[in-house]
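Quick note: the coordinates plus some simple rules give every number you see, no bench work behind them. Remember, predicted model here, so these are calculated numbers, not experimental data. Neighbour counts are summed over all protein chains in view; Cβ atoms, including those assigned to glycine, are modelled from backbone coordinates with ideal geometry.
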Amino acid sequence: MKPKDEVLFHTITKKLRDDEKIKRMNEYMQHGRVSTFEHVERVARTAFRIDKFFHFKSKEKELLRGAYLHDYFLYDWHHHDGPLHGPYHPKAALKNALKDFKDLTEREKNIIESHMWPLNITRIPRCREAVIVCVADKIVSIKETLFMRR
Ligand SMILES: [Fe+2]
Ligand SMILES: [Fe+2]
């Protein structure tokens, strides 16, 4: 990443990384031994890189906030007796995010609700930011599942 992009990434994500509510994702494991917090950080970085590499010109603040909140479901899905985690969790993440962050934009909402597309066939990414996070999440999830079990 170019130094100026690195600086921009840090400036935008600082507030997100330091947010006590967002930090709660440290308490839940995502893939292998990776916490949900580490996972969303990785997805944010990957999404930002994709955007810069292909010059997609996303709204960076919304792209990164959506990436940080895309898995804000706040439960341990390994011990979750409810609806199936895969298709259900974007809904849970959106519900929590709406409760804790009153100023969510339409783009950010779409990023969260559509990130499991095409598993959730009706929740479609409708902006470039949502498409990028959807792709970044898949790349990062495959890496974490296969190579980061520790
Ligand atoms: Fe997810
Ligand atoms: Fe994810």
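See the values below:
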item: Evaluated over region 1-139, the Cα radius of gyration and Dmax, each in Å; result: 14.0, 45
item: Residues with amide H under 5 Å from that of Tyr28, placed H, sequence gap 5 or more; result: Thr36, Phe37
item: Residue with peak Gaussian network fluctuation, the chain [Cα springs, cutoff 10 Å], from Arg65, Arg17, Arg42; result: Arg17
item: Taking Phe48, Phe37 and counting other C-beta atoms within 10 Å, the order from fewest to most; result: Phe37, Phe48
item: The chain: most fluctuating residue of His78, His89, His115 per GNM, C-alpha cutoff 10 Å; result: His78
item: Distance from region 101-140 to region 33-85 (C-alpha centre basis), Å; result: 9
item: DSSP H segments from the chain that extend 24 Å or more along their own axis, Cα-based, with Kyte-Doolittle mean of 0.0 or above; result: 128-147
item: Average Cα contact separation per residue, the chain, under 8 Å, 6 or more apart, as relative contact order %; result: 27
item: Separation of the Phe54 and Met1 label points, Cα + 7 Å toward Cβ, nm; result: 1.8
item: Residue among Thr46, Thr36, Thr11 with the largest mean-square fluctuation in a Gaussian network model of the chain, springs linking Cα atoms under 10 Å; result: Thr11
